[in-house]
Amino acid sequence: MNRKHKSDLVILLTTLGLMALGLIVIYAIGPMRANVLNTTYGTDYDSNYFFLGQLRSVGLALLAFFLAFKVIPYKFLQKFAKPLLIFALMASAALWILSLANASIVKCELGECRWFQFGSVSVQPAEILKLALVVYLADFLARKREEGKVGDFKEFWIPIIIVCGLSLGLVVVAQGDLGTGVALIAIIFGMLLVSGIPSWQYLTMAVIVIAVGVASVAMSSHRMERVNAWVTTLTGGESSDSTYHIDNAMLAIGTGGFGGVGIGNSVQATGYLPESINDSVFAIMGETFGFFGLVFVLSVFCLMLLRILRVAGHTKDDDNRFFVVGIFSWTLAQVVVNIMAMTALVPVTGITLPLLSYGGTSMIFIAFAIGEVCQLSCYTSREGIKHENISSGGRQRGSYYSSRRRHS
């Protein structure tokens, strides 16, 4: 049994650093965003509206982080794994049903309804679902590994297919949110990879998911439009309305050069680049801070992700390790997909850059998740854990820092 020791300060500092950088960027481009909306839609946003909103989100995210880090033990989340997942699924289903009824409590943007609106506060159930799915799968996989039933069709795959299929259906189909769907798939694949399932089952699942993903894109006109725009950009085709987003993202990064145009001097944020404070914030940082600034941001993300992965590699308990791998997969997917979309390596997809993009629910829940990882980093061993039976479903038991009482 490992004694409690100091937490991983690198994860803590990189998390705080990314939040601070996000605040600086939103402070610089927030007034431009407000002006664009006021001019285009006749709104009356104050020049500090978006900065104050981001400041509030960062404050709540810091509270969530330190609650997870110091107050709420992971075994408490583990105890309520199933109720948390049920709540998240019900919230997502309620959002879909209420959106069909055009309820005023539902907030829609660009034809997609993904938020509950409570006065001036909006909540995105899909972000709750990400955390809930990680907690549930960590508990489920650990139990099945302990029981020696990893890979069993009835006891293992049927529950996985039901839970994951329902989650993806409510997000990708009902809400039309392919970006969040990619994050959920990354969580599922990442956690299953270390669960001990046979390789042939993992590869079969991958083929099926890829086939379903291709079909879902092919059957959606707006998704195919994004794919066609991406192909046009890669092949050097003529610019059009469909390539507008990626053209301006690339222009922003190119304009930044090596050193950037400086804080407050962004041109793309004045109305040219869509979603400049959300999904496109990476391109704005490229324009503002230049190549060296983007290298710094990527280095911070890489450092944080490597330290999270190190926590997973030095954690003995299956529950804890699966949870940390899930958070790693979630964060990695959002970072990689967002950056690749802004650099024309994949089609443009609506997905935020963790801890940097403007928004509340996304930042709060990923900060909470990373806070739990920091908490679990206090109980790692000095030596990396060897998982000899990882591909055969062999059982590996751990005993510290988590309740061993299993619940169905």
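Brief remarks on what is shown
- Fewest-first sequence of C164, C108 by Cβ atoms within 10 Å of each Cβ: C108, C164
- Each of the trypsin sites (Lys or Arg not before Pro) that DSSP puts in a loop and that has at most 13 other Cβ atoms within 10 Å breaks the chain; the longest unbroken stretch is 7-381.
- The length gained on full extension between A93 and E147, counted as 0.36 nm times the residue separation minus their Cα-Cα distance, comes to 16.2 nm.
- FRET efficiency, 1/(1 + (r/R0)^6) with R0 22 Å, evaluated for E238 and N265 via beta carbons: 0.15
- Degrees, to the nearest 10: 244-256 long Cα axis against longest axis of the chain: 90
- Cβ crowding within 10 Å, taken as a proxy for footprinting-reagent exposure, orders T40, T270 from fewest neighbours to most as T40, T270.
- Modelled spin-label separation between Y272 and I72, with each label point placed 7 Å from Cα along the Cα-to-Cβ direction: 4.2 nm.
- The chain: angle of helix 361-376 to the longest principal axis, Cα-based, in degrees nearest 10: 40
- Among residues other than I246 with Cβ under 13 Å from its Cβ, the summed charge is -4 (Lys and Arg +1, Asp and Glu -1).
- Unmatched cysteines, the chain - criterion: no other Cβ of a Cys under 4.7 angstrom: C164, C302, C374, C378
- Per residue, the Cα convex hull of the chain amounts to 145 Å³.
- Applying the criteria of a DSSP loop state and at most 11 other Cβ atoms within 10 Å to the GluC sites (Glu not before Pro) of the range 229-291 yields E238.
- Peptide ranges 276-282, 188-194 listed from the most packed, as the mean C-beta count within 10 angstrom indicates: 276-282, 188-194
- Nearest-ten-degree value, helix 199-218 long axis tilted from longest Cα axis of the chain: 30
Every read-out reported here was derived from the displayed coordinates using simple, explicitly stated rules and does not represent laboratory data. It should be emphasised that the depicted structure is a prediction, and the values quoted were computed from it without experimental measurement. Methodologically, a virtual Cβ is constructed for each residue, glycine included, from the backbone with ideal geometry; neighbour enumeration extends over all protein chains shown.
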